[in-house]
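Shown next, in structure tokens, is the structure this report addresses.
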Amino acid sequence: VKGHSYLLAAAGMVCKEYPEAVFMIAGRGELEPDLKNQAADLGIDKNVLFLGFRDDVHHLLQAMDVFAMSSLSEGLPVSILEAMASKTPVVSTDVGGIKEVIRHQETGFLVRPKSPDSLAEGLIACLGEDFPANYCERIVKPELDVVDTADTDAVRDAEEVTMSVDGGDDEGTLKEKV
């Protein structure tokens, strides 16, 4: 459901253009060995960091040039709201409720699900010289004021409650639920 294999395929394309690019994947799960093998097969194992469970996501977001969401199915992921609150550009698959907060090329980039090419194109656009210098100032629009003023710890607590109600765990697993 999270589409990490598509993200890694896109990462391979991005690394051809930006060989020093680093991709961070936070969370644990049964797919981690397969994803590590995929990264090695693509020759990007040194560009991909598998971070395991992290409780300091806000620090990671501040270090990122761009946040990528490769999900095949989502409601409205808190991680996108957190990225927007930290004014980190977002490239996300156009699934579920994501288009309620991301307006393509205005408050982020929406790409086709299951399309590494589309995801790579969005990521490369965010890394390119033509990327608007004022993007971070305009990433949060007045209609999204809740994102701008969100207490990300409170949002994370709400997500954990939601995950426990849905039967998930609070470690952000890398388990596909297809």
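The values are calculated or read from the model by the stated rules, or taken from the named source; none is laboratory data. On a predicted model such as this, the values are computed, not experimentally measured, just so you know. Neighbour counts are summed over all protein chains in view; Cβ atoms, including those assigned to glycine, are modelled from backbone coordinates with ideal geometry. Quick note on the areas: whole protein, heavy atoms, side chains included, nothing else; ligands and nucleic acids left out. Shrake-Rupley method; radii C 1.70, N 1.55, O 1.52, S 1.80 Å.
With the gyration tensor restricted to C-alpha atoms of segment 1-55, the semi-axes of the equivalent ellipsoid amount to 18, 12, 10 Å, longest first. The gain in end-to-end length when the Lys36 to His58 segment is fully stretched comes to 5.5 nm, 0.36 nm per residue minus the alpha carbon separation. If you take every residue apart from Met13 with its C-beta less than 10 Å away from the C-beta of Met13, what net charge results, scoring Lys and Arg +1 and Asp and Glu -1? Taking every Cβ under 10 Å from that of Met13, the sum is -2.
Exposure check, 1.4 Å probe, all protein chains in place: Asp34 carries approximately 100 Å² of accessible surface.
Give the accessible area for Tyr6 in Å² (nearest 10); use a 1.4 Å probe, count only protein heavy atoms, and leave out ligands, DNA and RNA. My reading of the accessible area for Tyr6 is about 70 Å². Ranking Asp56, Asp117 by solvent-accessible area of protein heavy atoms (1.4 Å probe, all protein chains present), from largest to smallest, gives Asp117, Asp56. Fully extending the segment from Glu20 to Lys87, taken as 0.36 nm per residue of separation minus the present Cα-Cα distance, adds 21.9 nm. If you sort Glu106, Glu121, Glu32, Glu82 by accessible surface, 1.4 Å probe, largest first, the order is Glu121, Glu106, Glu32, Glu82. Segment Arg103..Leu49, full-extension length gain: 16.5 nm, with 0.36 nm per residue of separation and the alpha-carbon distance subtracted.
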